[in-house]
Amino acid sequence: MNLKMVMMLLWKLPKKELKDAIYLSYTTSLDDIKDCVIFIITVPTPIDKHKRPDLTPLEKSSEAVGSILKKGDIVIYESTVYPGATEEVCVPILEERSGLTFNKDFYCGYSPERINPGDKEHRVTTIKKVTAGSTPEIATEVDELYQEIIIAGTHKASSIKVAEAAKVIENTQRDVNIALINELALIFNKLDIDTESVLEVAGTKWNFLSFRPGLVGGHCIGVDPYYLTHKAIEVGYNPEMILAGRRLNDNMGSYVADQVSKLMTKKRIHVVGANILIMGLTFKENCPDLRNTRVVDLVEEFKDFNCNVDVYDPWVDKNEAVHEYNIRPLDSPIKGKYDAILLAVAHNEFKELSVEQIRAYGKDSHVLYDIKYLLKTNESDGRL
């Protein structure tokens, strides 16, 4: 299949990879892409402050492509949405802006992104790709297109709605499973049982699912469930378990801050005015992605306690952190300064530090709290 493609990519690639991509060209002008016949749209699908789907990027990109759409063109969406969004939201915009008729003059496809930020092994080409099209013929054409680059192969869904639903439940399932483990961690904490020890023992059974407690952020797991619940409520169903899991995961930052303050009080460390060091700001380890990171919940909670909070993360762009969250990470932590130290993200740089090196950032009396199980059980003062 010899087809021109335009990919509207907002994902950050290393500069070297972009420079080495000799077959790609980049533009901000619609005139430069008007001769293309396939348009692949991969814009973010965030939520607003009320946790409702914000389809603005999807709508604006559809307006842009619709303004240059021609007969025979195919528009493929990769953004995570609720079932029906492509045909209910995007297609009408394409029709209105182009004056063309869907499935007569132009067609649509859907192939949800599957990417694991920071993972050098599971890349776009090595993860099986789901594909779908607005007609059986277009579905085959879209599937063959992706087969050209996806080494792991493709799976052609029966419809765009099925593909949309499959994608949105991938991360919803993970969110609910993590919520269960988070709740178990809260229970075991009250029972004075180490959660990690329990999970290790339970994991000896062949079909026990391996999840760990923690802060649940990112542009997928902490967001996608709200797209599904939005659609469920719209059609008259109240998704109780999914929303309960979301509430529990969203409250983990508050829980951790409360646990740390109690440990400080036991050591007779004044919480008000205390110096807090949070190690890690990104939503996951070994990647610079700050989208929807829940580490900011810790920062806000400690600020509400009138603490002085420093954040250290060697992976983040400091200007981006300031722009997104008004947080300027340190170049390096200050030794002997902190009343409490929290290991919030499992970056390799932190794994390589000994417990003595980490504790050196603290005062003679301080609390070390391990959210990510980087240390042995007896090396920290507390953990999830």
For this session: Return yes when Lys372 is within 30 Å of Ser197 (Cβ to Cβ), among the basic types (Lys, Arg) and touching a residue at least 24 places away in the same chain (Cβ under 8 Å) and no when it is not.
Result: yes
Exercise. If you scan the stretch 347-383, which residues turn out to be open to solvent by 10 Å² or more (accessible area, probe 1.4 Å), of a type outside the set (Ser, Thr, Tyr) and under 26 Å from the mean Cα position of the chain (by Cα)?
Worked result: Asn348, Glu349, Lys351, Glu352, Lys372, Leu374, Leu375, Arg383
Exercise. Before we move on, is Lys60 of a type in the set (Lys, Arg), modelled with pLDDT of 95 or more, open to solvent by 60 Å² or more (accessible area, probe 1.4 Å) and touching a strand residue (DSSP E or B) at 6+ places or on another chain (Cβ under 9 Å)?
Worked result: no
Problem set entry | Given (1) charged (D, E, K, R); (2) modelled with pLDDT of 95 or more; (3) surrounded by fewer than 16 Cβ atoms within 10 Å (Cβ to Cβ), number of the condition Glu148 does not satisfy | (2)
Exercise. Which residues, counting only those in the stretch 127-145, are without any contact (Cβ under 8 Å) to a residue 60 or more places away in the chain and either crowded, with 18+ Cβ neighbours inside 10 Å or farther than 22 Å from Asp73 by Cα (or both)?
Worked result: Ile127, Lys128, Lys129, Val130, Thr131, Ala132, Gly133, Ser134, Ala139, Asp143
For this session: Spot the failing condition for Tyr338; the list is (1) of a type in the set (Ser, Thr, Tyr); (2) surrounded by fewer than 22 Cβ atoms within 10 Å (Cβ to Cβ); (3) in contact with a His (Cβ under 7 Å, 6 or more places away or on another chain), and only one is missed.
Result: (2)
For this session: Could you list all residues from the stretch 141-193 that are in contact with a Gly (Cβ under 9 Å, 6 or more places away or on another chain) and in a strand (DSSP E or B)?
Result: Lys156
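Can you tell me which residue is nearest to Pro112 (Cα to Cα) among those in the stretch 225-235 that are open to solvent by 10 Å² or more (accessible area, probe 1.4 Å) and touching a residue at least 24 places away in the same chain (Cβ under 8 Å)? Give the steps one after another, and end with the answer.
Taking the stretch 225-235 first, the residues open to solvent by 10 Å² or more (accessible area, probe 1.4 Å) are 226, 228, 230-235.
So of that shortlist, the ones also touching a residue at least 24 places away in the same chain (Cβ under 8 Å) come out as 226, 228, 230-231.
Details: Tyr226: 17, Leu228: 15, His230: 19, Lys231: 18 Å.
Result: Leu228.
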Exercise. Out of all the residues in the stretch 96-126, which are at pLDDT 95 or above, open to solvent by 60 Å² or more (accessible area, probe 1.4 Å) and charged (D, E, K, R)?
Worked result: Glu96, Arg97, Lys104
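Can you say whether Ile47 is closer than 18 Å to Gly222 by Cα, modelled with pLDDT under 95 and aliphatic (A, V, I, L, M), as far as the supplied structure shows? Outline the logic, then answer.
On the way: closer than 18 Å to Gly222 by Cα: yes; modelled with pLDDT under 95: yes; aliphatic (A, V, I, L, M): yes.
In short, yes.
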Problem set entry | Test result for Asn238, outside any helix (DSSP H, G or I), without any contact (Cβ under 8 Å) to a residue 12 or more places away in the chain and closer than 25 Å to Ile47 by Cα | yes
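Being modelled with pLDDT of 90 or more and open to solvent by 50 Å² or more (accessible area, probe 1.4 Å) is the filter here; which residues of the stretch 26-36 pass it? Full working, then the answer.
At the first step, the residues of the stretch 26-36 found to be modelled with pLDDT of 90 or more are 29-36.
Listed by number, the residues that qualify are Leu30, Asp31, Asp32, Lys34, Asp35.
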Exercise. Looking at the stretch 72-88, which of its residues are surrounded by 17 or more Cβ atoms within 10 Å (Cβ to Cβ) and part of a helix (DSSP H, G or I)?
Worked result: Ala85, Thr86, Glu87
For this session: Could you check, for the stretch 200-217, whether at least one of its residues is open to solvent by 40 Å² or more (accessible area, probe 1.4 Å), of a type in the set (Lys, Arg) and in contact (Cβ under 8 Å) with a residue 40 or more places away in the chain?
Result: yes
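State whether the residues of the stretch 274-290 include one that is outside any loop (DSSP other than H, G, I, E, B), hydrophobic (A, V, I, L, M, F, W, C) and surrounded by fewer than 22 Cβ atoms within 10 Å (Cβ to Cβ).
First, pick out the residues of the stretch 274-290 that are outside any loop (DSSP other than H, G, I, E, B): 275-279.
Applying the additional criterion that residues be hydrophobic (A, V, I, L, M, F, W, C) yields 276-279.
In the following step, the residues that additionally are surrounded by fewer than 22 Cβ atoms within 10 Å (Cβ to Cβ) were identified as none.
Among the residues of the stretch 274-290, not one is outside any loop (DSSP other than H, G, I, E, B), hydrophobic (A, V, I, L, M, F, W, C) and surrounded by fewer than 22 Cβ atoms within 10 Å (Cβ to Cβ), which makes the answer no.
Taking the options Gly222, Gly253, name whichever one is assigned to a loop (DSSP other than H, G, I, E, B) and in contact (Cβ under 8 Å) with a residue 24 or more places away in the chain. Before you say what the answer is, go through the steps one by one.
Values: Gly253 fails: assigned to a loop (DSSP other than H, G, I, E, B).
Of the residues listed, the single one that is assigned to a loop (DSSP other than H, G, I, E, B) and in contact (Cβ under 8 Å) with a residue 24 or more places away in the chain is Gly222.
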Exercise. In the list Ile221, Ile233, which residue meets the criterion of being in contact with an Asp or Glu (Cβ under 6 Å, 6 or more places away or on another chain), more than 16 Å from Leu384 (Cα to Cα) and among the β-branched types (Val, Ile, Thr)?
Worked result: Ile221
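The values are calculated or read from the model by the stated rules, or taken from the named source; none is laboratory data. Everything numeric in this text was worked out from a predicted model, so none of it was measured. All Cβ positions, glycine included, derive from the backbone under ideal geometry; neighbour counts span all protein chains shown. Heads up: the accessible areas ignore ligands, DNA and RNA and are worked out on the full protein's heavy atoms, side chains in. Shrake-Rupley method; radii C 1.70, N 1.55, O 1.52, S 1.80 Å.
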